[in-house]
Amino acid sequence: MKKITILILLFYITDKIAICQNEYHGSISGFVLNAQTKQPVALANVFLKNTQIGAISDENGKFIITNIKDSIYTISITSLGYENFNTSDIKVENAANVDLGNMYLTTETFTLNEVTVSPGSYSIMETIASTGALALTEENIKNMAWAEDVTRAVSRLPGISSSDYSSRFSIRGGEANQVMISLDGMELYEPFHQRDIGGGLFSIVDIESVRGIDLMTGGFSAEFGNRLSGVFGMKTKNPKPDEWNTSVGLSLMYASVYTEGKFAKNKGSYLFSARRGMLDVTLKAIGNVEYFPKFYDGSFKVEYQLNKKHNLSYHLLHAGDKAFSNNSPEGDALELFNSNYNSTYTWLTLNSYLTSRISARTIVYFSDINHLRTGVVEKYEDTDKGNIMLNDSNDYKNTGIKQDWVWEINKGVHLKWGAELKLLSADYKYTSSIYELRVDSNEQLYYYDRNIDINLNPSGEQYTGYISTKFKITKRLIGETGLRYDQTTYTNDKNWSPRASLVYGFNKTTFLRAGWGHYYQSEFINGLLVSYGETEFYKASHAIHYVLGFEHQFIKGINLRAEMYYKDVKNLSPILTNLRDHLESYPEARNDLVKIDFNGSKSKGVELFLRYDEGKKISWWLSYALAKATDDIKNIEYNGLLITRTGEVPRLNNQTHTVYADINYKPTKSWYFNMSWQLYYGWPRTNYTYRYQTLDNGDLHFYAVHDEYNGTTYPPYHRLDLRINRAFETEKSGTITAFLHIINVYNRKNLKKYDLDARNDQGELSLDINGNYVPFGDNKYWLGILPVVGVKWDFSVK
């Protein structure tokens, strides 16, 4: 009897299992593809309407929904960037699998991810969506003139002002220090080599390690702060799976090595770059005995995928500089200058992809920047009589943590927010002594005697918080609003910065953008001007941006961008500048130093950028900017001979007209030609002449008499550069590329410094027969014709 009962029970259970299998073990499968490109769409949500059953497509676009009861269903597919897809009357019966085959999603007219809302945004080197910011390709950048320096590349774009000697650049009439420069989210406070030469000769970041650059010239979002003018954000490369690449280069500027690769079954990757400047060797080889600049840099990045949701990376960037100047080793003058710089940045980044719509980034960082500068001047010449000694040492440390979050709430709303805490400290040790014969504003000669001895150790914190929302207003209109808070304890700044932008897409190729915002910049803790006797920090400067931009993609690879901007800056800190030469090694010791107090400044302009690139043999771009940058001067303080002025005055970096024209020709894979022509006009200067008086000992002393401050304009600057690359490819040895780069092909004499001397080339006093001074021109010029050659070897292991 027990056996019969057990058999009945087993039969009953088996029958129920069969019924359940028949009811609930059906399935629906298929592939989700992009209707335009036919490429797989990963992470698409596929679900049965009116149920809680669904699946997510994998990297191949495949999905399968299992455990489905026999019935008739409607499938719904959603994915960010695509129109919703629905298909009905899908019948599941007899626990079978229903294969839907390929399901095609149509991209939305405009998606929040692919549309750049803020005007003034450019992408360099990195491929982007057609509806995003305008891009210059990696091939363009690496094969154009000055390609060895990543920061010089931006000079091709409108609104940028720079010089031959410096990699530093200013944006839309602002100062160079008003541009935030970062690498993978880490802010670089001193991003240039040889900072005593025009603010920096070269970038400390090797272009070989850079994947892309985001440049923002105005109206940028609340994510970015403590800068008035712009953002220059660099991103490092991501090595390809199962591939190891190395390049070795040598030119008159650099000797370099770069390598990248993967490890741990492609879960980990690394980058390593090291460069040594060759400028000191080059100058020595051509007989220079006055100036010896040495510099090097190295960077390292290792990245590891902890799991599917978390990625951890470690970065290290170090740069060092030395320079020694011996301009007058003989005769009645001695001028020595020595400087040493070191900067180290290290940071740890955790990228977390918590869900398909929520991601986060955490950065913990530390930076240490130090600087030593010493100088000795002893002169008894016609125009300079006296001695100067200085010793300038400062060290700056910065420790912090930064947290950013991104939440793609739905197709119509994306939210981004974050916070940052910085602990900052600086150590200043500055001493100087100046004893020099000068002339006062009444044209009386006197001995200027100044001694400064400053030892300061300021410290403080910076607290930052921001929130930014990007949202669809209509199918064609997208908005972005944000609010930022910045607090700096050592300057007592507490500032709120509201910002807003709009973009209207007429279609996939035509966009109208507008931006507005408030921007504050507190003084950097390492920016205290102790060399001028300053011991107190000023309050933050404040700018308001208004930007309107239009972009259109024509057929056959032609892209046009036009922008108008207006920038109003208030609460500018006073500056100390030299009237005759802005590139001095120790400007604080010169007798043409003036202090300028401002009511504010204004910048406005119109910019055009036209680019053609279809990936064919010829590509080109052309940019033009019409601009005006002025200071509203409150007062000019100078105990010398100068016609001062107040009110609206051209800024030192006012660049009224700017033209850049580049053409690239690539007839084969082995040859690449680039020609680049540039013109700019509008830089102001202060004219001067010399007068003289006879001293008690019978010697003559010449002193400068300055005309109206910034009352004269430099002649137009223009030059043509040529670059030729020849690549030699081999199956086993990789690619060897040799280049010839000729700067200023037609040897234009572009005036750098209007300069007068008391003696002519024969060493005779520049006086006429009546004893009157006759100005003798000894002008200094920017780079003349200069050939640069180099070679680079790239090889890979797969």
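The values are calculated or read from the model by the stated rules, or taken from the named source; none is laboratory data. Here the structure is a predicted model, which means the values were calculated and not measured. Every residue, glycine as well, gets a Cβ built from its backbone with ideal geometry; the counts of neighbours run over all protein chains shown. Ligands, DNA and RNA are excluded from the accessible area calculation, which covers all protein heavy atoms including side chains. Shrake-Rupley method; radii C 1.70, N 1.55, O 1.52, S 1.80 Å.
Would you check if there is a residue in the range 545-563 being under 23 Å from residue 393 (Cβ atoms) and within 21 Å of the chain's Cα centre (by Cα)?
No; the residues of the range 545-563 include none that is under 23 Å from residue 393 (Cβ atoms) and within 21 Å of the chain's Cα centre (by Cα).
Just to be sure I understand, how many residues within the range 127-147 are open to solvent by 40 Å² or more (accessible area, probe 1.4 Å) and modelled with pLDDT of 65 or more?
4
Can you confirm whether the range 444-455 contains a residue that is closer than 23 Å to residue 403 by Cβ and of a type in the set (A, V, I, L, M)?
no
Name, by its number, the condition in (1) out of contact with any Lys or Arg (no Cβ under 6 Å at 6 or more places or on another chain); (2) crowded, with 20+ Cβ neighbours inside 10 Å; (3) at pLDDT below 90 that does not hold for residue 254.
(1)
Yes/no matrix, rows are residues, columns are (1) β-branched (Val, Ile, Thr); (2) more than 17 Å from residue 231 (Cα to Cα); (3) free of Cβ contacts under 8 Å to residues at least 60 places away in the same chain:
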residue: 504; (1), (2), (3): no, yes, yes
residue: 519; (1), (2), (3): no, no, no
residue: 549; (1), (2), (3): no, yes, no
residue: 556; (1), (2), (3): no, yes, yes
residue: 560; (1), (2), (3): no, yes, yes
residue: 571; (1), (2), (3): no, yes, yes
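Which numbered condition in (1) more than 30 Å from residue 353 (Cβ to Cβ); (2) at pLDDT 90 or above; (3) assigned to a loop (DSSP other than H, G, I, E, B); (4) not basic (Lys, Arg) is the only one that residue 287 fails?
It is condition (2) that residue 287 fails.
Residue by residue through the range 632-647, note down the ones that are free of Cβ contacts under 8 Å to residues at least 40 places away in the same chain and charged (D, E, K, R).
632, 634
Condition check ((1) among the β-branched types (Val, Ile, Thr); (2) exposed (fewer than 14 other Cβ atoms within 10 Å of the Cβ); (3) not in a strand (DSSP E or B)) across all residues:
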| site | (1), (2), (3) |
| --- | --- |
| 698 | no, yes, yes |
| 704 | no, no, no |
| 715 | no, yes, yes |
| 741 | no, no, no |
| 749 | no, yes, yes |
| 788 | yes, no, no |
| 793 | no, no, no |
| 796 | no, no, no |
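From the list 259, 246, exactly one residue is out of contact with any Gly (no Cβ under 9 Å at 6 or more places or on another chain), modelled with pLDDT of 90 or more, assigned to a strand (DSSP E or B) and among the β-branched types (Val, Ile, Thr). Which is it?
259
Please specify each residue of the range 769-786 satisfying the condition of being closer than 27 Å to residue 681 by Cβ and either hydrophobic (A, V, I, L, M, F, W, C) or in contact (Cβ under 8 Å) with a residue 24 or more places away in the chain (or both).
Correct list: 775, 776, 779, 780, 781, 782, 783, 784, 785, 786.
Say we look at the range 148-159 and pick out the residues that are outside any helix (DSSP H, G or I) and open to solvent by 10 Å² or more (accessible area, probe 1.4 Å); which of these is modelled with the lowest pLDDT?
The extreme case among them is 148.
Go through the range 161-186 and give me each residue that's part of a strand (DSSP E or B) and in contact (Cβ under 8 Å) with a residue 60 or more places away in the chain.
Once the filter is applied, which keeps residues that are part of a strand (DSSP E or B) and in contact (Cβ under 8 Å) with a residue 60 or more places away in the chain, the range 161-186 yields 161, 170, 183, 186.
Tell me, please, whether a residue that is more than 26 Å from residue 198 (Cβ to Cβ), in contact (Cβ under 8 Å) with a residue 24 or more places away in the chain, open to solvent by less than 60 Å² (accessible area, probe 1.4 Å) and within 29 Å of the chain's Cα centre (by Cα) can be found in the range 756-768.
No, the conditions are met nowhere in the range 756-768.
Might you check whether a residue that is touching a Gly at 6+ places or on another chain (Cβ under 8 Å) and under 29 Å from residue 280 (Cβ atoms) occurs anywhere in the range 225-238?
yes
Determine if the range 444-451 includes at least one residue that is part of a strand (DSSP E or B) and under 36 Å from the mean Cα position of the chain (by Cα).
no
For the range 164-208, give me each residue that is of a type in the set (Asp, Glu) and farther than 27 Å from residue 742 by Cβ.
Within the range 164-208, 175, 184, 187, 190, 196 qualify.
Has the range 378-395 got at least one residue that is among the hydroxyl-bearing types (Ser, Thr, Tyr) and under 25 Å from the mean Cα position of the chain (by Cα)?
So far as the range 378-395 goes, no, none of its residues is among the hydroxyl-bearing types (Ser, Thr, Tyr) and under 25 Å from the mean Cα position of the chain (by Cα).
Being part of a strand (DSSP E or B) and among the hydrophobic types (A, V, I, L, M, F, W, C) is the filter; apply it to the range 262-273 and report the residue that is least open to solvent (accessible area, probe 1.4 Å).
That would be 271.
Which residue, of 723, 719, 691, is part of a strand (DSSP E or B), within 25 Å of residue 386 (Cα to Cα) and of a type in the set (Lys, Arg)?
Of 723, 719, 691, the one residue that is part of a strand (DSSP E or B), within 25 Å of residue 386 (Cα to Cα) and of a type in the set (Lys, Arg) is 691.
Please identify the pairs in which a residue from the range 582-606 that is in contact (Cβ under 8 Å) with a residue 40 or more places away in the chain and buried (at least 18 other Cβ atoms within 10 Å of the Cβ) has its Cβ atom under 9 Å from the Cβ atom of a residue that is basic (Lys, Arg) and not in a strand (DSSP E or B), counting only partners at least 6 apart or on another chain.
Pairs that qualify, where the first residue is in contact (Cβ under 8 Å) with a residue 40 or more places away in the chain and buried (at least 18 other Cβ atoms within 10 Å of the Cβ) and the partner is basic (Lys, Arg) and not in a strand (DSSP E or B), are 592/580; 601/651; 603/172; 603/651; 605/172.
When you scan the range 569-579, do you find a residue that is of a type in the set (A, V, I, L, M, F, W, C), modelled with pLDDT under 95, more than 21 Å from residue 518 (Cα to Cα) and buried (at least 19 other Cβ atoms within 10 Å of the Cβ), even just one?
For the range 569-579, residues of a type in the set (A, V, I, L, M, F, W, C), modelled with pLDDT under 95, more than 21 Å from residue 518 (Cα to Cα) and buried (at least 19 other Cβ atoms within 10 Å of the Cβ): present.
Can you give me the number of residues within the range 650-686 that are assigned to a loop (DSSP other than H, G, I, E, B), in contact (Cβ under 8 Å) with a residue 12 or more places away in the chain and polar (S, T, N, Q)?
Number satisfying all stated conditions: 6.
Just checking, how many residues over the range 331-368 are among the aliphatic types (A, V, I, L, M), closer than 30 Å to residue 426 by Cβ and at pLDDT below 95?
1
Test residue 209 against the criterion of being within 22 Å of residue 176 (Cα to Cα) and polar (S, T, N, Q), and give yes or no.
no
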